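*Asks:* Got a structure here, written out as structure tokens. Questions coming.
The values are calculated or read from the model by the stated rules, or taken from the named source; none is laboratory data. As the structure is a computational prediction, the values presented were derived from the model and not from experiment. No Cβ is skipped: glycine too gets one built from the backbone with ideal geometry, and neighbour counts run over all protein chains shown.
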Amino acid sequence: MSSSRRDSRDPRWVLLAVLLGSLSLALLAVSRLEIPRDRLSVGAVLVGTLLVVGTLALPALLFAGWQSGQE
């Protein structure tokens, strides 16, 4: 039963949620955490990770929309 429920989700909405979530968390982290430019910190790693996730989710979202439009 759960597999049919999982298949009914549109991947574009999942990717959009990941993109919006990662970008909003990155903006929140940049505004709240101190990110020094001369050394590596937890805040810098967190912001970098969130930006990488957003960078990967955006093309995936575009390709998912393009692929669903082709079908």
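*Asks:* Restricting the search to the range 39-71, which residues are in contact (Cβ under 8 Å) with a residue 40 or more places away in the chain and in contact with a helix residue (DSSP H, G or I) (Cβ under 6 Å, 6 or more places away or on another chain)?
*Replies:* Selection gives 57, 60, 61, 64, 65.
*Asks:* Could I ask something else about it? Scanning for something part of a helix (DSSP H, G or I), surrounded by 12 or more Cβ atoms within 10 Å (Cβ to Cβ) and modelled with pLDDT of 85 or more, does the range 23-40 turn up at least one residue?
*Replies:* Yes, the range 23-40 contains a residue that is part of a helix (DSSP H, G or I), surrounded by 12 or more Cβ atoms within 10 Å (Cβ to Cβ) and modelled with pLDDT of 85 or more.
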